[in-house]
1. Looking at region 6-24, which of its residues are in contact (Cβ under 8 Å) with a residue 24 or more places away in the chain and not aromatic (Phe, Trp, Tyr)?
2. Just checking, does region 23-36 include any residue being at pLDDT 75 or above, loosely packed, with under 14 Cβ neighbours inside 10 Å and in a helix (DSSP H, G or I)?
3. Give the number of residues within region 46-66 that are surrounded by 12 or more Cβ atoms within 10 Å (Cβ to Cβ) and among the polar types (S, T, N, Q).
Amino acid sequence: MKYILFIIIGFITYFLVEFLSINVGYAIGAGPGDIGLIVTAISILCGIIVVCTCILVDAIRNIKIK
């Protein structure tokens, strides 16, 4: 159950980074069409990093408890 929570946190991070990155693209005048591929790649990487970090922290916490 806790891993499902980690995946949900990862999706939330993905959508937040995606939304903010597109808005930054509009702010600098590039628009989402020109930087869309880069934004998506960065968003996916951020989501994966958050999920992996949550799993590692949980594993370390379980080792310390034992």
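1. Correct list: ILE7, ILE9, GLY10, THR13, VAL17, GLU18.
2. Taking region 23-36 first, the residues at pLDDT 75 or above are none.
No, region 23-36 has no match at all.
3. Going through region 46-66, the residues surrounded by 12 or more Cβ atoms within 10 Å (Cβ to Cβ) turn out to be 46-55, 58.
Those still in the list that are among the polar types (S, T, N, Q) too: 53.
Residues that pass the stated criteria total 1.
The values are calculated or read from the model by the stated rules, or taken from the named source; none is laboratory data. From a predicted model like this one, the values you see are computed outputs, not experimental measurements. Cβ coordinates were reconstructed from backbone atoms using ideal geometry, including for glycine residues, and neighbour counts include every protein chain displayed.
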